[in-house]
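First comes the structure, then the notes that go with it.
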Amino acid sequence: MREIRRDDDGALMGFIRFDGEGWEPLTVFGYPLGAPRSEEEALEEVHRSGLEVLMRPWRFLESGEWYRCVIVEAAVDAVTVRPNDFRYPRENTVAVTLERPRPEVFQPE
C-alpha cells in the first residue's frame, strides 16, 4: 500500500494498493474509492476525490440499522462520525468512533 500526500502541505489524501489485477484507490482509512485500475488512474482518483469524499454524507450500521452521519475525523485506523439522523437511539451522542470500518458497516450515501 502506498501513501498519497498533497504536494503543498503533505496532508495524507489516501492510498493506492495493488490487488493483483490493478491499483485500487483508497481513502485515508482504507475505504475503496472505486474498482482497481492503472496506477496513474488510481493516483488521479485519490487526488480528485480522496479528501472530498470525506465531506459527503455517510451512513453507518449499528444494531442492524443504518444511520446517517458526517465524518468528524478520519485516520488510518479509525473514523469518528457525528450521527446526523433523528432515529439514532443514543440521545446526546456527539461522536461515535468506528475502528477500521469496512464497506459492510460504513458507506457513503
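Where a number appears in this text, it was derived from the coordinates with a stated rule and is not lab data. On a predicted model such as this, the values are computed, not experimentally measured, just so you know. Cβ: placed from backbone, ideal geometry, glycine included. Neighbour counts: every protein chain shown.
Report the gain in length on full extension from T93 to V76: 0.36 nm times residue separation, minus Cα-Cα distance, nm rounded to one decimal. Before the final figure, lay out the partial values.
On the way: separation 17, 0.36 × 17 = 6.12 nm, distance 2.31 nm.
Difference between extended and current length: 3.8 nm.
Assuming charge only on the beta carbon of Lys and Arg (+1) and of Asp and Glu (-1), the dipole of segment 56-108 about its Cα centre is about 180 debye to the nearest 20.
A Förster radius of 25 Å, combined with the Cβ-Cβ distance separating R6 from R100, puts the computed FRET efficiency at roughly 0.60. Between 0 and 90 degrees, the angle of helix 39-49 with respect to the longest Cα principal axis of the chain falls at about 40 degrees. Qualifying chymotrypsin sites (Phe, Trp or Tyr not before Pro) in segment 55-109, where qualification requires a DSSP coil assignment and no more than 12 other C-beta atoms within 10 Å, comprise F86. For the options V70, V28, V94, a Gaussian network treatment of the chain with springs between C-alpha atoms closer than 10 Å singles out V94 as fluctuating the most.
Distance between the pseudo-spin-label points of A35 and E21 (7 Å out from Cα toward the beta carbon): 0.7 nm.
If the elastic network links every pair of Cα atoms under 10 Å, which of R90, R68, R56 fluctuates the most in the Gaussian network model of the chain? Of the options given, R90 has the highest mean-square fluctuation.
For the chain, a Gaussian network of Cα nodes joined below 10 Å ranks A78, A42, A11 by mean-square fluctuation, and the top entry is A11.
Seen from P57, the other residues with C-beta closer than 9 Å to its C-beta sum to a net charge of +2, counting Lys and Arg as +1 and Asp and Glu as -1.
Give, rounded to the nearest 20 debye, the magnitude of the charge dipole that the chain has about its Cα centre when Lys and Arg contribute +1 at Cβ and Asp and Glu contribute -1 at Cβ. Present the calculation step by step, with values, prior to reporting the outcome.
Values: 14 positive and 22 negative charges, 88 e Å.
With only Lys, Arg, Asp and Glu charged at Cβ, the dipole is about 420 debye.
Once you divide the Cα radius of gyration of the chain by 2.2 N^0.38 Å, the number left is 1.12.
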